[in-house]
Every structure is written in structure tokens, then in C-alpha cells.
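In what follows, a single structure is set out as C-alpha cells and then discussed.
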Amino acid sequence: PIYRPMIPYSPFYHFSAMLFALFPWPLEKTATIINAIGDASRVLLIAFIARIGGLSQRVSFLAALLYALTPVTFLLHAWGNTPTTTGLWWTLVTSTALLAWGHKLSDRKVFGILLGLHVISMLIYTVTAVFHVVFVSILTIIIWLMPQHPLRTQVKSMLLIVYGGLALATLVYYGQYIGPIIERTIPYLLKSNSEHTGASAEAQQTFAVY
């Protein structure tokens with residue numbers, strides 16, 4: 001039998017959200033304030049990433065402005081999913097730190113700080129953790145394909161930090177779900193994909209007959 005998929009949503013955002021109770025106003029208002037601060041800081045982080053990438057100050061600010069003015073950036077806030085927006089903020093901070101300190105990865109202290117940031121980022125929210133691993137993996141491939149890029153020699157260390165963080169996050173929490181994911185999630189996805197493929201083929205045949 002095919003059961004509903006097992007998605008190991010992390011409780012660590014909710015643990016951190018317990019601090020919301022320290023403020024005298026409703027919890028929802030605290031979440032909104034924190035989201036607003038995080039969203040405002042994204043503009044600065046994007047400008048900083050652009051500067052790290054060698055762009056001029058003007059172009060960096062234009063990149064940040066483009067993010068601020070693009071309507072799609074507000075879709076998640078309209079959706080109202082605070083754990084997702086918080087997880088995305090953590091992945092952006094982690095990516096920024098990785099790029100900013102990428103040339104210092106031989107320093108054990110820097111390596112340890114970045115590894116810790118990755119563990120926190122991956123434990124905050126499951127879906128954004130997956131996106132972050134995929135994003136950094138693609139990013140390192142792009143960097144490796146650019147012979148003159150200053151971080152090209154650090155690609156292995158960058159991957160070690162990302163997948164090391166994933167391994168530690170798995171050890172701390174996600175590891176207990178490996179069995180259910182293999183038994184339930186993967187068969188569910190395969191079955192859903194086969195049904196979708198079959199439905200698409202049937203629709204094409206129907207259209208051809210028509």
C-alpha cells in the first residue's frame with residue numbers, strides 16, 4: 001500500500017519562537033515585526049553579495065532595489081508562512097557568510113562558524129534546507145567552471161561545509177526519518193509521478209483523436 005508521504009518538518013523554528021512569549025503583545029505581532037526586520041535586511045544582504053561578487057556600489061544597490069521592488073518577493077509574506085520566510089532568511093545569511101568568508105576557509109575558527117551556521121539554517125526549516133543544499137551545490141559548480149574566480153580553490157571546502165552541515169543536521173534530527181522516507185515518501189512520489197505521466201499520455205491521445 002502507498003501511504004501519505006513522510007516530510008520531516010523541523011520543530012526548531014517553533015522552539016525558537018517560544019521567545020515570542022517574552023513580549024507583552026500577541027505572538028502574531030512579534031512574528032510580523034521579526035519578518036519585517038528580516039525582509040528589510042535581505043536588501044542589504046543582497047547588496048553585500050553583489051559587492052563581494054565584484055560589482056560596483058551603484059550596481060549593487062540597483063540589485064538590492066530590484067529585489068525590493070519585484071512583486072514576487074512578497075508572495076511568501078502574503079501566504080503568511082512565517083517558518084518558511086525565517087528559513088529563507090537563514091539560508092540567505094548563511095550563503096552571504098559563505099561567500100564573504102570563502103577565502104578564509106583554511107582558518108578552523110571560520111570553518112567552524114560557517115559549519116554551525118549551516119547546521120542552524122538546515123534545522124530551522126526542512127524545505128529551505130533542501131533548497132539551500134541544491135543552491136550551493138549549483139553555485140560551487142558555477143564557481144569551479146570560472147578559472148579566474150577567487151573562490152575556485154575553496155570549492156571543496158565550501159562543499160564540505162554544506163554537506164557537513166547536512167550530515168550534522170541529519171544526526172541531530174532528520175536521521176530518524178530516513179526509514180519512513182524510504183518506505184513511504186519515495187514510493188508515494190514515484191506513484192504520483194507515474195499517475196501524472198499516465199494522465200498526460202491519455203490527454204495527448206484524447207487530443208490526437210479529437
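Ordered by 1.4 Å accessible area with all protein chains kept, 124, 141 run largest first as 141, 124.
Note that segment 51-61 has calculated 3J(HN,Hα) couplings of 5, 4, x, x, 7, 6, 4, 5, 5, 5, 5 Hz, one per residue in order, obtained from phi through the Karplus relation 6.51 cos²θ - 1.76 cosθ + 1.60 (θ = phi - 60°); glycine and proline are x. Atom-type composition of the exposed protein surface of the chain places 72 percent of the accessible area on carbon and sulfur (1.4 angstrom probe). Here the Karplus curve 6.51 cos²θ - 1.76 cosθ + 1.60, taken at θ = phi - 60°, turns the phi angles of segment 10-21 into couplings of 7, x, 6, 4, 5, 4, 5, 6, 4, 5, 4, 5 Hz, with x standing for Gly and Pro. In the chain, helices alone account for a calculated mean residue ellipticity at 222 nm of -23000 deg cm²/dmol, with every DSSP H run of four or more residues adding -39,500 (n - 2.57).
Contact order, relative form, for the chain: 28 percent (alpha carbon pairs under 8 Å, 6 or more residues apart, mean separation divided by residue count).
Ranking 148, 83, 161 by Cα position along the charge dipole of the chain, where only Lys, Arg, Asp and Glu carry charges on their C-beta atoms, puts 148 farthest toward the positive end.
Please give the peptides 152-160, 64-72 ranked by average Cβ packing (other Cβ atoms within 10 Å per residue), highest first, as a rough proxy for protection.
Top to bottom by mean Cβ count within 10 Å: 152-160, 64-72.
Between residue 48 and residue 138, the C-beta separation translates, for a Förster distance of 22 Å, into a calculated FRET efficiency of about 0.60.
Our coupling estimate for segment 127-134, obtained by passing each phi through the Karplus curve with A = 6.51, B = -1.76, C = 1.60 and θ = phi - 60°, is 5, 5, 5, 4, 4, 5, 4, 5 Hz, Gly and Pro reported as x.
For the chain, the dipole from Cβ point charges (+1 on Lys and Arg, -1 on Asp and Glu) about the Cα centre works out to 620 debye, to the nearest 20. Given in Å, the Rg to one decimal and the Dmax to the nearest whole number for the Cα atoms of segment 76-140 are 12.5, 42. Computed from the C-beta positions of residue 4 and residue 36 and an R0 of 30 Å, the FRET efficiency is 0.30 to the nearest 0.05.
Accessible area per residue for segment 1-63 is 72 Å², calculated with a 1.4 Å probe on protein heavy atoms, without ligands, DNA or RNA. About the centre of its Cα atoms, segment 45-164 shows a dipole size close to 300 debye [charges on the beta carbon of Lys, Arg (+1) and Asp, Glu (-1) only; nearest 20 debye].
Note on exposure: 16, 41 ranked by accessible area (1.4 Å probe, complete protein assembly) read 16, 41, with the most exposed listed first.
The values are calculated or read from the model by the stated rules, or taken from the named source; none is laboratory data. Note that the structure is predicted; figures quoted are calculated from it, not measured. Positions of Cβ are generated from backbone atoms using ideal geometry, with glycine treated the same way; all protein chains shown enter the neighbour counts. We work out accessible area using only protein heavy atoms, side chains counted, and drop any ligands, DNA or RNA first. Shrake-Rupley method; radii C 1.70, N 1.55, O 1.52, S 1.80 Å.
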